[in-house]
Every structure is written in C-alpha cells, then in structure tokens.
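Undergrad: Take a look at this one; I'll ask things after.
Please treat every number below as a calculation from the coordinates, not as lab data. Because the structure is predicted, anything quoted here is derived from the model rather than measured. Heads up, the Cβs are rebuilt from the backbone with ideal geometry, glycines too, and the neighbour counts pull from every protein chain shown.
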Amino acid sequence: MVVAQDHAIPEGRSSSPFWTIARRDSLAGVLFIAPQLIGISIFVLIPLGLVFWYSLHEWNVLANTFTYTGAQNYRMLIEDTNLLEVLGATAIFSSGLVVFNLSLALLLAVLLNQKLAGITIFRTLFFSPVVVSLVAWTIVWGFLLQKNGGINGLLQVFGIEGPNWLREETTAMISVIVVQVFKNVGLNMILFLAALQGVPNELYEAARIDGAPRFKQFRRITLPLISPTILLTSIITIVGSLQVFAQIAVLTQGGPGLSTTVLVYYLYQQAFQFHFFGYGSTLSILLFVIVAVLTFAQWQMRKRIVFYES
Amino acid sequence: MKAELSPRMKTSLYGLMCVLLIPFVFPTWWMVTSSVKPISDIFAFPPQLVPQNYDWTTYSKVFELQPFVQQYWNSAYIAAVVTIGTMIVSSMAGYAFARIRFPFANTIFMIVLLGLLIPSEVTIVPLFQMFLKAGMVNTHWPLILVPIFGAPSVFATFVMRQFFVTLPTELEEAARVDGLGRFKIFRKIALPLAKPALASVAIFTFLHSWNLFLEPIVFLSSAEKFTLPQALTQYTDAYGGPMWNIQLAAATLTALPVLIVFIIAQKQFVEGLAHTGLKG
C-alpha cells in the first residue's frame with residue numbers, strides 16, 4: 001500500500017500514530033468508492049462474467065438441464081440466418097437514427113442560437129418530449145400511425161392516401177426511427193446549443209470582415225469548434241440506439257417480418273419468450289462487443305476528426 | 001452573437017420553427033384531446049383537432065381496469081429511491097475520484113468506467129437468474145438495485161467527478177487545516193457547492209427510472225407490482241388490441257405531471273443537462 005507523504009505531520013517524531021492524516025484520508029477514499037465498486041461488481045461485472053459462461057452452455061429451462069457445449073452457441077450465431085436480418089435492421093436503425101438525430105439537433109440548435117424574442121419558449125417546446133414518459137409518447141405515435149389514424153387522416157384531407165405505416169417494412173423502420181428521434185433530439189439540441197454559445201464571437205467578426213459567407217463561416221468556424229460535442233453526442237446516441245427496446249415492443253413487435261427486430265429485441269425474444277437462455281447470452285456478448293467496438297472506434301476518431309479540444 | 005437579423009429573416013425563422021414544432025408538440029395535444037373522445041370519434045374523419053363530443057368515463061375506466069393508483073405509486077417511489085440512491089453513491093464516488101488519494105485510484109476508476117460499456121440489456125439474462133435465486137423476481141428490488149449501481153450510476157459518478165475536479169480546492173484545504181475530517185468536508189463544503197451537478201444527475205436518473213421498460217417486463221408478473229410504462233400497454237381488449245382512448249387517458253395521467261414540473265422549472269432542467277454534457 002503506497003500512502004502519500006503528508007506534510008502536515010512533522011517528521012522525526014518517533015511515536016507518530018499509525019493513523020496519520022494521509023492514511024485516514026486514504027481509508028476515507030476507499031470507503032467513499034466502496035458502494036459504487038461493490039455495486040458494480042455485483043450488478044455489472046459478475047453478470048458480464050456469467051453471461052459469457054452461460055453463452056458456452058446449452059440451457060434447457062423446461063428440462064432443467066445446463067450442459068457445457070463450448071463454442072456451439074457461437075457456431076449457431078454464425079449460422080443463424082435470422083441474425084443477419086436482425087443485424088441489418090440494427091444497422092439501419094442505428095445509422096438512420098444517428099444521422100437524422102444529429103442533423104436535426106444541429107439545425108434546431110442553430111435556430112435557437114439566433115437573437116429572437118421568445119426563443120426560450122421554442123427551446124422549452126422542442127425539449128418537452130424528453131420529459132414525456134417514453135411509453136406514453138410511443139403509444140400516442142402508435143395511435144397516430146394507425147392505418148386510419150391521425151397522420152393518414154391529415155394526409156387524406158389533402159387527398160393523399162397514406163400507407164399502413166407500422167405494417168409495411170420500409171415505413172415501419174422509418175416510423176420507429178422518427179418516433180425515437182423526436183422523443184430525444186432535445187437532449188442533443190441542448191448540448192449543441194451550449195457548444196455553439198461557447199464559440200468566441202470574435203471569430204465570426206473576423207470572418208465577416210474577410211467577407212466569408214454565412215455557410216462558409218458555419219463550415220470553417222462553427223463545425224470544427226463544436227466537433228468535440230459532435231463526437232460526444234454521436235457516441236451517446238449510437239450507444240443509446242443499440243438499447244432501444246420499448247419503442248419496438250410497443251410499435252411493431254419487431255415486425256413486419258424481422259424488419260424492425262433490432263438486436264436487443266431479438267435477444268429479449270430468444271431469452272425471455274423462447275427461453276433460450278444460452279443463445280440469448282451469446283447474443284448479449286455480441287451486443288457487448290458491438291457497443292465496445294463502436295465506443296472505442298469513436299474514441300479513436302477523436303484524434304483525427306476533432307479539431308479542437310478544451 | 002451575430003449581426004441583427006432583418007425583419008424578413010426573422011419572420012421566416014419564426015415560420016420555420018413553428019413548422020418544425022409540429023411533431024414535437026402535436027402528439028401531446030393529440031394524446032390529451034383523444035383521451036376524452038368517445039371511442040366512436042377516435043378515428044373520425046376528418047380528424048378532430050378539438051373534441052366534438054366528450055367522454056370522461058375513459059378516466060374512471062383507467063382506474064377500474066387496473067390497480068392504476070398502486071402502479072403510479074410503484075413508479076413514483078422506485079424513481080425516487082433510485083434517484084436519491086444514485087445521488088448518494090455517485091457523489092461519494094465522484095468526490096473520491098476527484099479529490100482523495102487512495103491506492104489504485106486510477107485502476108478502480110477505469111474499472112468503474114467499464115460499466116458505461118455494459119448497459120443492463122447485455123446482462124439482463126444473468127441478472128434475471130441472480131434475482132431469481134435471491135427470490136427477488138416479481139419484486140421491485142431489481143428495478144431499484146440495478147440502476148443505483150449499474151451503468152446509469154456510473155455515468156452519474158463520471159459527471160460528479162468532472163464537476164468536483166473543476167471546483168477550487170482552497171475552501172476544502174482551509175477546512176482541513178481547521179481539523180475537519182474527509183466526510184465532514186464532503187458533507188459541509190463540497191456537496192453544497194455541487195448542487196448544479198447533483199440536480200442534473202437527479203433529472204436524468206429520475207427520467208431513466210421513470211422510463212424503464214425492459215426490466216419491468218422481465219422481472220414483474222403481477223399487475224399490482226407493475227410500473228407505469230408496463231401498465232400503459234395492458235389496456236387491451238379481449239383480442240389484444242389496444243383500447244385507444246383508455247390507453248391515451250392513462251398515458252396522459254402518466255405524462256402530464258412530469259411535463260408540468262418541467263415547464264415550471266424548464267430553465268434548471270435545460271441548463272442542468274447542458275452543463276452535464278459540457279463537462280461529460
């Protein structure tokens with residue numbers, strides 16, 4: 001145990017007590033982090049070990065058997081033709097969500113950053129879906145997106161025959177993305193707005209004197225300066241998109257077909273509807289690897305793409 | 001920050017923002033108004049932006065069909081316990097990582113951060129088995145314990161640490177010279193200064209718990225144990241189709257209180273979260 005020397009204690013005292021200030025402090029530190037460390041061990045790290053252990057077994061809940069099968073579940077993973085579709089749906093969902101979410105968030109932040117009276121009211125309203133209960137929000141959208149629901153009703157007023165949004169493959173995917181984006185884009189919008197307000201005014205003034213058009217100012221000054229926030233929000237949004245479950249469960253139940261069955265939903269079905277706990281665990285490992293790789297990759301990109309860091 | 005906008009430019013910006021607002025605001029309006037429409041009007045054409053006829057019995061049915069008061073209480077108290085628990089755990093850990101020198105601090109910090117990469121969706125299968133063995137399935141314990149110690153609380157710890165790092169140390173040093181112990185310094189000096197960070201931790205922890213869906217449907221099986229998100233989906237007819245107006249009434253009761261609190265305290269909400277993002 002390495003304990004930092006504390007200057008408050010006069011040196012050379014032969015009868016110095018064991019509980020020096022530094023030692024007491026060190027103990028305090030350990031006690032302060034103990035709840036978090038113990039908690040994370042029990043509820044995150046041990047389960048992560050267990051999920052890997054389970055993934056090496058065939059687990060029959062009904063017959064109550066738990067047999068070691070080595071890499072068999074992983075072979076099943078490779079041979080699972082449904083999984084390809086699931087991963088495809090996950091990729092479309094996540095990338096669609098991130099692109100749509102970040103561009104809308106940036107657009108809204110730029111708008112809210114203008115000098116306009118009553119802008120706070122707009123900010124509040126754009127942000128409001130973030131605090132609306134997720135399932136309540138999803139239910140209303142599910143209601144709006146019915147064949148004879150509000151959206152098609154409005155379209156019909158203009159003489160347009162709307163599709164059955166949640167029952168056709170392409171529109172179902174678009175629907176779940178859109179519902180999720182409007183729910184949470186307010187968060188990224190606020191982060192972008194804070195970043196925009198942090199860009200020094202002088203830079204714009206200098207650019208204006210040089211006669212740079214607004215778009216060029218945005219591309220050459222604003223974007224590079226807020227790139228750390230773009231990176232941060234894209235990590236949060238991608239990792240968040242891989243966890244989306246309630247919206248799928250309420251709106252489409254993964255359908256039609258497998259078109260909106262994202263990985264978390266597939267995992268839930270395999271483990272808790274079909275009781276394939278072993279294979280469900282293998283899918284969990286896959287989800288973990290994807291989250292870890294994406295986070296790591298984006299962290300690495302920071303060095304290349306982010307121009308400026310405070 | 002920019003040059004004054006011309007009146008024409010201003011008008012078009014307002015126009016653009018009003019159009020963009022529709023998908024953000026209209027669903028809430030539609031939810032509230034449709035919840036008081038009789039079932040015959042619910043899919044009426046043309047859509048009734050304002051109800052023509054009112055049927056308030058949808059609200060009494062919300063309470064008749066399910067133990068909705070009990071479910072409301074479940075969601076509320078779980079979110080409250082999770083929020084307070086997370087604030088305690090994460091402010092202590094965040095403070096220690098920012099301020100106190102103790103053995104293996106960096107290694108432990110890395111281990112804790114690893115929790116960010118492991119959302120509870122990844123570990124839901126073993127968590128279910130663990131709580132099953134502990135006799136805690138169909139209780140609220142998993143919904144309380146997993147968030148307080150899992151990935152959401154790790155994020156909170158990170159936010160708290162980033163905040164405490166930026167806090168000037170002079171006050172705490174003065175207190176140490178006066179002979180105050182670590183815990184007292186934390187309680188009396190550091191924690192009161194950390195109110196903005198604590199507020200944002202409280203907000204996102206509360207919302208996270210309030211919105212949990214996968215965990216309740218995995219762990220809970222009896223209606224009086226359900227939380228609101230799960231309960232909302234249970235208003236279905238004999239064929240499993242949703243009873244829309246009743247579902248929307250229940251959704252309104254779920255969404256409106258938080259929405260009203262938000263509108264009253266929107267400045268604290270928005271700035272609190274922006275703060276978190278900048279520091280995180």
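Undergrad: Which one of B:Ser34, B:Met243, B:Ile144 has its Cα pushed farthest toward the positive end of the charge dipole of chain B, where Lys and Arg give +1 and Asp and Glu give -1 at the Cβ?
TA: Of the listed residues, the answer is B:Ile144.
Undergrad: So what is the relative contact order of the range A:81-305, in percent, for Cα pairs below 8 Å that sit 6 or more residues apart?
TA: Relative CO of the range A:81-305 lands at 30 percent.
Undergrad: How large is the helix-only mean residue ellipticity at 222 nm for the protein assembly as shown, computed as the sum of -39500 (n - 2.57) over DSSP H runs with n ≥ 4, divided by its residue count, in deg cm²/dmol to the nearest 500?
TA: Rounded to the nearest 500, the figure is -21000 deg cm²/dmol.
Undergrad: How far apart, in nm, are the 7 Å Cα→Cβ label points at B:Thr33 and A:Gln300?
TA: 5.2 nm
Undergrad: Separate question: A:Gly255's amide H: which non-local residues (gap 5+, or another chain) put their own amide H closer than 5 Å, with H modeled 1.01 Å from N in plane and none for Pro or chain starts?
TA: Answer set, sorted by chain and number: A:Thr260.
Undergrad: Based on the alpha carbon coordinates of the range B:115-196, what radius of gyration and maximum Cα-Cα distance (Dmax) apply, in Å?
TA: 18.3, 51
Undergrad: Determine the principal axes of the Cα atoms in chain B, then give the extent along each, sorted from largest to smallest and rounded to whole angstroms.
TA: Principal-axis extents of chain B (Cα, largest first): 73, 67, 31 Å.
Undergrad: Averaging sequence separations of C-alpha pairs under 8 Å and six or more residues apart, then dividing by the length of the range B:5-128, give the relative contact order as a whole percent.
TA: 12 percent
Undergrad: Then there is this: Once the principal axes of the Cα atoms of the range A:160-310 are found, what is the range along each, listed largest first in whole angstroms?
TA: Principal extents (Cα only, largest first): 66, 45, 20 Å.
Undergrad: So if each residue of separation counts as 0.36 nm, and I subtract the Cα-Cα distance between A:Leu116 and A:Ile21, what length gain in nm does that give?
TA: 28.6 nm
Undergrad: What residues qualify as long-range amide H neighbours of A:His57, i.e. H under 5 Å apart, gap of 5 or more or another chain, H built at 1.01 Å from N?
TA: For A:His57, the qualifying residues are A:Thr69.
Undergrad: I need the calculated FRET efficiency for the pair B:Leu171 and B:Ser12, taking r as the beta carbon distance and R₀ as 41 Å, to the nearest 0.05.
TA: My answer for the efficiency is 0.20.
Undergrad: Does the protein assembly as shown come out rounded, prolate or oblate by the C-alpha gyration tensor, with a ≥ b ≥ c the root eigenvalues, rounded set by a/c under 1.5 and, if not, prolate when a/b is larger than b/c and oblate if not?
TA: The shape class here is oblate.
Undergrad: Using every pair of alpha-carbon atoms in the range B:193-280, split the distances into 5 Å bins beginning at 0 and state the percent of pairs per bin, rounded to integers.
TA: Per 5 Å bin, starting at 0, the Cα pair percentages come out as 3, 12, 17, 18, 16, 12, 11, 7, 3, 1, 0, 0.
Undergrad: Suppose every Lys and Arg Cβ carries +1 and every Asp and Glu Cβ carries -1, with no other charges. What dipole size does the protein assembly as shown come out with about its Cα centre, to the nearest 20 debye?
TA: Dipole magnitude for the protein assembly as shown comes out near 1460 debye.
Undergrad: Now for a different question. Over the range B:66-279, what is the mean sequence separation of C-alpha contacts under 8 Å (at least six apart), divided by residue count, expressed as relative contact order in percent?
TA: 33 percent
Undergrad: Mean-square fluctuation check for chain A, GNM, Cα pairs under 10 Å: which of A:Ile177, A:Ile92, A:Ile78 is largest?
TA: Looking only at A:Ile177, A:Ile92, A:Ile78, the largest GNM fluctuation is found for A:Ile78.
Undergrad: Can I ask one more? Calculate the length of the line joining the C-alpha centroid of the range A:154-207 to that of the range B:1-58, in whole Å.
TA: 16 Å
Undergrad: Indicate the gyration tensor shape class of the range A:11-149 (rounded, prolate or oblate), computed on the Cα atoms with a ≥ b ≥ c the square roots of the eigenvalues: a/c under 1.5 is rounded; otherwise a/b larger than b/c is prolate and the rest oblate.
TA: Oblate, since a/c reaches 1.5 and b/c is not below a/b.
Undergrad: Relative to the present Cα-Cα distance, how much length would full extension add between A:Leu203 and A:Ala71 at 0.36 nm per residue of separation?
TA: The span from A:Leu203 to A:Ala71 would gain 41.7 nm if fully extended.
Undergrad: Distance between the C-alpha centers of the range A:54-86 and the range A:100-151? Whole Å please.
TA: So the two Cα centres are separated by 41 Å.
Undergrad: What is the Cα convex hull volume of chain A when expressed per residue in Å³?
TA: Per-residue hull volume (Cα only) is 251 Å³.
Undergrad: Between A:Thr81 and A:Asp210, what is 0.36 nm times their sequence separation minus the Cα-Cα distance? Round to one decimal in nm.
TA: Answer, rounded to one decimal: 40.6 nm.
Undergrad: Rounded, prolate or oblate, given the Cα gyration tensor of the range A:82-166, with a/c below 1.5 counting as rounded?
TA: oblate
Undergrad: Whole angstrom only: what separates the Cα centroid of the range B:103-166 from the Cα centroid of the range B:69-98?
TA: The range B:103-166 and the range B:69-98 have Cα centres separated by 12 Å.
Undergrad: If I take R0 = 45 Å and measure r between the Cβ atoms of A:Asn60 and B:Phe63 in this structure, what FRET efficiency does the formula 1/(1 + (r/R0)^6) give, to the nearest 0.05?
TA: About 0.60, to the nearest 0.05.
Undergrad: If I model a spin label at B:Tyr54 and A:Arg167 as a point 7 Å from the Cα along the Cα→Cβ vector, what separation in nanometres do I get?
TA: Result for the modelled spin labels: 3.5 nm.
Undergrad: Across the range B:176-183, in residue order, what do the Karplus-derived ³J(HN,Hα) couplings come to in whole Hz, using 6.51 cos²θ - 1.76 cosθ + 1.60 with θ = phi - 60° and x for Gly and Pro?
TA: 5, 4, 6, x, 6, x, 4, 5
Undergrad: Evaluate the Kirkwood expression for the hydrodynamic radius of the range A:226-310, namely the inverse of the mean inverse distance over all pairs of different C-alpha atoms, and round to one decimal in Å.
TA: 14.5 Å
Undergrad: Oh, and also: Take each of the peptides A:117-126, B:30-39, average the number of other beta-carbon atoms within 10 Å over its residues, and list them starting from the highest.
TA: B:30-39, A:117-126
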